[in-house]
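One structure is given here, and the rest of the page talks about it.
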Amino acid sequence: MPALSRKERADNVKKRNYFGKYNEKAKIVLENLLEKYSISGIENIESLQVLKLDPLKNLGTPKEIFKVFGSKEEYLKAINDLKEEIYKTA
């Protein structure tokens, strides 16, 4: 069985309704990060620098984005959970 492309992996995350457990603004942040992943890979969503790039920088400062998740630690946990979801099989 061939490996899935980043786009296919991102589509699978969306199909599983993974974002349902997050508030509206957090969903938007995670959806944008998932889109970044599908275009340029996992390294970009792991870096906090991604929050300073379009379209994420339009959602607020890194501090404001962390606050959406509750704290920086909770944001980082959400990113780790997203990574697990991306690489989850069936």
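Of Glu74, Glu31, Glu43, the residue with the greatest mean-square motion in the GNM of the chain, using alpha carbon springs below 10 Å, is Glu43.
Can you give me the angle between helix 24-40 and the longest principal axis of the chain, using Cα atoms only, in degrees from 0 to 90, rounded to the nearest 10? So the helix axis and the longest Cα principal axis differ by about 50 degrees. Of the residues Gly60, Gly20, Gly41, which exhibits the maximal mean-square fluctuation in a Gaussian network model of the chain defined by a 10 Å Cα contact cut-off? Of Gly60, Gly20, Gly41, the Gaussian network model singles out Gly20 as fluctuating most.
Under a Gaussian network description of the chain, with springs only between Cα atoms under 10 Å, the residue in Leu30, Leu48, Leu76 that fluctuates furthest is Leu48.
Helix content alone sets the calculated 222 nm mean residue ellipticity of the chain: runs of n ≥ 4 DSSP H residues at -39500 (n - 2.57) each, divided across all residues, give -18500 deg cm²/dmol.
May I ask for the net charge around Pro62, where only other residues with Cβ less than 12 Å from the Cβ of Pro62 are counted and Lys, Arg are +1 while Asp, Glu are -1? Present the calculation step by step, with values, prior to reporting the outcome.
Working: positive: Lys52, Lys57, Lys63, Lys67, Lys72; negative: Glu64.
With Lys, Arg at +1 and Asp, Glu at -1, the net is +4.
Mind checking the full-extension length gain between Leu48 and Lys83? Use 0.36 nm per residue of separation minus the Cα-Cα distance, one decimal, nm.
Details: separation 35, 0.36 × 35 = 12.60 nm, distance 1.45 nm.
Value of the extension gain: 11.2 nm.
Partner lysines whose Cα lies under 26 Å from the Cα of Lys72, excluding those fewer than 8 positions away in the same chain, are identified as Lys14, Lys21, Lys25, Lys27, Lys36, Lys52, Lys57, Lys63, Lys83, Lys88. For the stretch 6-86, the dipole from Cβ point charges (+1 on Lys and Arg, -1 on Asp and Glu) about the Cα centre works out to 120 debye, to the nearest 20. Check cross-link reach from Lys77 to the aspartates and glutamates: straight Cα distance under 14 Å, and skip same-chain residues fewer than eight apart. Straight-distance partners of Lys77: Glu46, Glu85. Modelled this way, with points 7 Å down the Cα-to-C-beta line, the labels at Lys67 and Arg16 are 3.2 nm from one another.
All of the numbers you see were taken from the coordinates with simple rules; none came from a lab. This one's a predicted model, so the numbers in the text were calculated from it and none came from an experiment. Neighbour counts are summed over all protein chains in view; Cβ atoms, including those assigned to glycine, are modelled from backbone coordinates with ideal geometry.
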